[in-house]
Ligand code: Q9C
Ligand code: ZN
């Protein structure tokens, strides 16, 4: 359905006119660097370009006081001296004669984006704006922010579009205290922010940025703060925060719209953030958010001061909004101790308000004593303080031995292929999804089938030929993802052949997610090249770190905890370069559940996912999986039920067994119970 890019060149006009080392990083080149890179990559051309309009007085009045709006309006006619004097009345702010115009365009861009998404003109989009917004308050400019663009967009979505549940994800490295203040008693806006905090020693030095600030009144539990107490947080830390904190709450909240305060000062290289996450991580964060709210994601630029990192991360975000698969994450997927402590303390603070966090967190973790000074402003941190990664334990020996770079092929020419046994004319598919005609050579197919009794039948052989042809296309890098079908009686053997074929034709690490009654192939080598995960086993069991089985969760809540708490942490820890997901006999998954699982597995292996269905699956199921693998948003699951005690028990047991090897399973800094 398309991606909007909202921009106006006029927003490059505002700039700092005097000397101020704190403010000089917020400069016009931030926008031009991002836009130039989008053009270079051909991404801008793939978007629906919208020219930003100015927000009206009434629209600004949705969150700001009339007096404050008039004050900012008057800066248009002030001289440099007066601008500087007024700027000094706020923290980390500069005004320019063009500030009012730019800030109205920035807020207007957000409104246009939300309107385009909520009227169905586009699926999602990015507003490239400055000045940023998330620090701005009802009657105050703050931290380079004049009008609160994202907050205005949220208020507008409620007022003009009648929305009841809006999720705001603030991945900027600073706390968007402005957004927090504006919605802290409002249960219709769930505000999540992670931020550099260092126990209160980092700007804006607020007590209410800590994890125990959870909102007030009706809004209790709808403010979620994740303070980072060390610098150097990386991909594993950010992914753990999403999997173990944000996403459980977000699914339970079931938003109708996702707004992203998309600051990129949380990326490696940024002088403000001092974090380590790479630009690719933002492709993954975006992709994870796209499974919410039917994919209605509106991102608006906030901070980001390292031009190279900013430009690259903006490209990663836009590329993912456009539906391209995310590039694999690099580096060991081991969250650091400090990150785990933060995630655990935020989970503990939120647990009273969210059923998805209850039951699971049996062992509370003592957090470090508060270091707030009596004056409220803690002493500044000594330069060269301990870096997070230096303190982190070395990665577990077993996985690190095969943590070589995943093999990266050039972008495939075909994104998704459907290789059903008989081409189905009733399938609803995007125009560029190909229905595959080809099959592997007959002799070759027979050779692969020979060891398997269940593959002797003609129907099974035909299906296998099509699957092998698709798999070869994927391994050769012509095709990115696809679906294939097989007779139910041949599902296990077909999957076995697919695994062997994948491993012998270039896959270094193959993740196999088998749903329903599918036994692990008997001759599968224990060499760590295959991670076998069966969902639908009789009981939770980890025969080895590469052979995991868990019962099929019965309720939506259990299914989500299984994906977020087990499947994805294992998958991201394993870093496969090929993913097979098989819906075998008795998988019992409904379309939306299967779609969600497939959509989330698409974050692995550069989106190289092959889904294997039973031949008698409905065309609806085949269609929905093809569309999701192609990059469309899965349908919302709706309100989630609580996980059953059995589901939670299975998850806790496996976590206890597997946490020592798979560090992404950790949700907190506690020693697992045996
Ligand atoms: N070195 C945004 O990213 N200065 N605003 C902090 C600490 C203020 C950041 C000084 C930073 C404001 C939108
Ligand atoms: Zn920031």
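The values are calculated or read from the model by the stated rules, or taken from the named source; none is laboratory data. Please read these numbers as outputs of a predicted model, since none were measured by experiment. Cβ: placed from backbone, ideal geometry, glycine included. Neighbour counts: every protein chain shown.
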Of the residues in segment 3-29, how many are more than 14 Å from ligand 1 (Cβ to nearest atom), buried (at least 22 other Cβ atoms within 10 Å of the Cβ) and either farther than 23 Å from residue 42 by Cα or free of Cβ contacts under 8 Å to residues at least 24 places away in the same chain (or both)?
0
Please go through segment 230-265 and pick out each residue that is surrounded by 24 or more Cβ atoms within 10 Å (Cβ to Cβ), over 14 Å from the mean Cα position of the chain (by Cα) and within 16 Å of ligand 2 (Cβ to nearest atom).
233, 263, 264, 265
Given (1) free of Cβ contacts under 8 Å to residues at least 40 places away in the same chain; (2) out of contact with any strand residue (DSSP E or B) (no Cβ under 9 Å at 6 or more places or on another chain); (3) under 15 Å from residue 662 (Cα atoms), number of the condition residue 568 does not satisfy
(1)
If you take the residues of segment 166-183 that are more than 16 Å from ligand 2 (Cβ to nearest atom) and over 15 Å from residue 246 (Cβ atoms), which of them is surrounded by the most Cβ atoms within 10 Å (Cβ to Cβ)?
182
Determine, yes or no, whether residue 514 is modelled with pLDDT of 95 or more, in a helix (DSSP H, G or I) and closer than 22 Å to residue 595 by Cβ.
no
Do any helices (runs of 4 or more DSSP H) entirely within segment 1-97 hold 1 or more residues that are over 23 Å from residue 116 (Cβ atoms), and if so, which?
29-40, 66-74, 80-87
How many residues does segment 123-147 contain that are buried (at least 24 other Cβ atoms within 10 Å of the Cβ) and either in a loop (DSSP other than H, G, I, E, B) or within 14 Å of ligand 2 (Cβ to nearest atom) (or both)?
15
Looking at the structure I just gave you, is residue 643 over 22 Å from the mean Cα position of the chain (by Cα) and surrounded by 24 or more Cβ atoms within 10 Å (Cβ to Cβ)?
yes
The listed residue being closer than 21 Å to residue 446 by Cα and assigned to a loop (DSSP other than H, G, I, E, B), out of 471, 524
524
Look at residue 156 and say whether it is more than 16 Å from ligand 1 (Cβ to nearest atom), under 20 Å from residue 32 (Cβ atoms) and either surrounded by fewer than 24 Cβ atoms within 10 Å (Cβ to Cβ) or modelled with pLDDT under 95 (or both).
no
Given the structure, is residue 553 out of contact with any strand residue (DSSP E or B) (no Cβ under 7 Å at 6 or more places or on another chain) and either touching a residue at least 40 places away in the same chain (Cβ under 8 Å) or surrounded by 23 or more Cβ atoms within 10 Å (Cβ to Cβ) (or both)?
yes
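Quickly run through segment 184-214 and pick out the residues that are outside any loop (DSSP other than H, G, I, E, B), farther than 24 Å from residue 354 by Cα and within 16 Å of ligand 2 (Cβ to nearest atom).
196, 198, listed by residue number.
Any idea how many residues of segment 161-193 are away from ligand 1 (no atom under 16 Å from the Cβ) and touching a helix residue (DSSP H, G or I) at 6+ places or on another chain (Cβ under 8 Å)?
Within segment 161-193, residues that are away from ligand 1 (no atom under 16 Å from the Cβ) and touching a helix residue (DSSP H, G or I) at 6+ places or on another chain (Cβ under 8 Å) number 15.
Given the residues 300, 275, 316, which is the only one that is within 16 Å of ligand 2 (Cβ to nearest atom) and in contact with a helix residue (DSSP H, G or I) (Cβ under 7 Å, 6 or more places away or on another chain)?
Working: 275 fails: in contact with a helix residue (DSSP H, G or I) (Cβ under 7 Å, 6 or more places away or on another chain); 316 fails: within 16 Å of ligand 2 (Cβ to nearest atom).
Answer to the selection: 300.
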